[in-house]
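What follows is one structure encoded as structure tokens, with my remarks underneath.
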Amino acid sequence: DYVVVKMIPDNRLPPRHLHSVHTGKTFAVIKWESPYDSPDQDMLYAVAVKDLVRKTDKIYKVKTRNSTVEYTIKKLEPGGKYHVIVQLGNMSKESSVKISTVPLSAPDALKIITENDHILLFWKSLALKESNFNESRGYEIHMFDSLLNITAYLGNTTENFFKVSNLKIGHNYSFSVQARCLYSGQMCGEPATLLYDELGTGEDSSTSKTGRTTDVAAIVVPVLFLLLVTLGIGFVVLYVRHRRLQNSFTAFANSHYSSRLGSAIFSSGDDLGDEDDEAPMITGFSDDVPMVIA
């Protein structure tokens, strides 16, 4: 024997398994499940979004019969912090989750230029890659002194450069540039950090590597060029000497050519020696031997 029992749905239960699926700079995707399985009618949810920075609230309504609900909260601010509460429209028990949106990116191409008594920080405009950034918001600059182990706020600017003075010799500094923080420093952009080794070097670690590579290239390239020029000159000299020897031998062979025999005739030292041996040796003349002249 068996019996089928159908439980009466309890609309006072909270949504289950509320969590964040994905967060961007201006949106967040949340997901939850209905208070009970397989709802047999549309369920109305109230999604309350509390801005923990601005201290404002927004309420959205979601009506669905699905057991699993996915909802996208839009018009959020980069780097913001929010408290999301989901409950049925009859104000039953609630489920909540805290989310933080992605902050603005760090400025690109942060560089240092060293002047006589100060340095200049340069970077690319953040508006080139961040559509949510307005130049009127500006940037703020911080400096960390590793010798004193302190961080100082240098100021803010709406330009793409910043002048830093009164640096001490022998101190190592780290500079950071980021989108200006809003609402008492609670909504900031990601910082771009630059290491500055010593006063007078005017380079960060990446710039130093680039400079050293450039210096090595400036030495190696001329040496290789001179080596190639030397090898070229050597080949030219050898070629000219070869041509001269070839021409000298041709002239010498032509001067000993016999048209009767059709070949060149060369006499060796041995042949000359044999002829001298066969010739009679001439000795001195005696006084008592008359000289006959025919």
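Among DSSP beta bridges whose residues both lie in region 108-197, state the antiparallel percentage, nearest 5.
100 percent
Defining a contact as two alpha carbons under 8 Å apart and six or more residues distant in sequence, what relative contact order in percent does region 1-81 show?
32 percent
For residue 52, enumerate residues with amide H under 5 Å from its amide H, sequence gap 5+ or separate chain, H modeled in the peptide plane.
Sorted by chain and number, the residues that satisfy this are 81, 82, 83.
Rounded if a/c is under 1.5, else prolate if a/b beats b/c, else oblate: with a ≥ b ≥ c from the C-alpha gyration tensor eigenvalues square-rooted, which is region 108-197?
prolate
Quick one: what Rg and Dmax do you get for region 1-104 from the alpha carbons, in Å?
15.7, 65
How much of the DSSP beta bridge set in region 1-94 is antiparallel, as a percent to the nearest 5?
Bridges in region 1-94 that DSSP calls antiparallel: roughly 100 percent.
Show me the trypsin sites (Lys or Arg not before Pro) within region 85-167 that DSSP assigns to loop and that have at most 13 other Cβ atoms within 10 Å of their Cβ.
93, 129
Of the listed pairs 50/74; 63/93; 6/63, which have alpha-carbon separations greater than 19 Å here?
6/63
Search the structure for amide H atoms under 5 Å from the amide H of residue 105, placed 1.01 Å from N in the peptide plane, and list their residues when 5 or more places away or on another chain.
Counting only residues 5 or more places away or on other chains, the set is 190.
Which entries of 31/75; 31/81; 75/163 show an alpha-carbon separation above 25 angstrom in the structure shown?
Check vs 25 Å cut-off fails for 75/163.
Provide the per-residue ³J(HN,Hα) series for region 47-54, in order, calculated from phi with Karplus coefficients 6.51, -1.76, 1.60 and θ = phi - 60°, each as a whole number of Hz, with x at glycine and proline positions.
10, 9, 10, 9, 7, 6, 8, 7
If you take every residue apart from residue 79 with its C-beta less than 15 Å away from the C-beta of residue 79, what net charge results, scoring Lys and Arg +1 and Asp and Glu -1?
+2
Which whole-Hz couplings ³J(HN,Hα) result when phi for each residue of region 82-87 is put into the Karplus expression 6.51 cos²θ - 1.76 cosθ + 1.60, θ = phi - 60°, listed in order with x for Gly and Pro?
Coupling constants for region 82-87: 9, 10, 9, 10, 10, 7 Hz.
Full-extension gain between residue 227 and residue 157, please, as 0.36 nm times their residue separation minus the C-alpha to C-alpha distance.
Computed gain between residue 227 and residue 157 is 20.0 nm.
May I ask for the net charge around residue 102, where only other residues with Cβ less than 13 Å from the Cβ of residue 102 are counted and Lys, Arg are +1 while Asp, Glu are -1?
Combined, the nearby Lys, Arg, Asp and Glu give -1.
Loop-only GluC sites (Glu not before Pro) in region 100-157, please: DSSP not H, G, I, E or B, and at most 14 other Cβ atoms within 10 Å.
Passing sites in region 100-157 are 115.
Residue by residue through region 36-46, which ³J(HN,Hα) values in whole Hz follow from phi under the Karplus form 6.51 cos²θ - 1.76 cosθ + 1.60 (θ = phi - 60°), with glycine and proline marked x?
Here the 3J(HN,Hα) series is 9, 6, 6, x, 9, 8, 4, 10, 9, 10, 10 Hz.
Readers should treat all values here as calculations from the given coordinates under stated rules, not as data from a laboratory. Quick caveat: nothing in here was measured; it's all calculated off a predicted structure. Note that each Cβ is placed from the backbone with ideal geometry, even for glycine, and that neighbours are counted across all protein chains shown.
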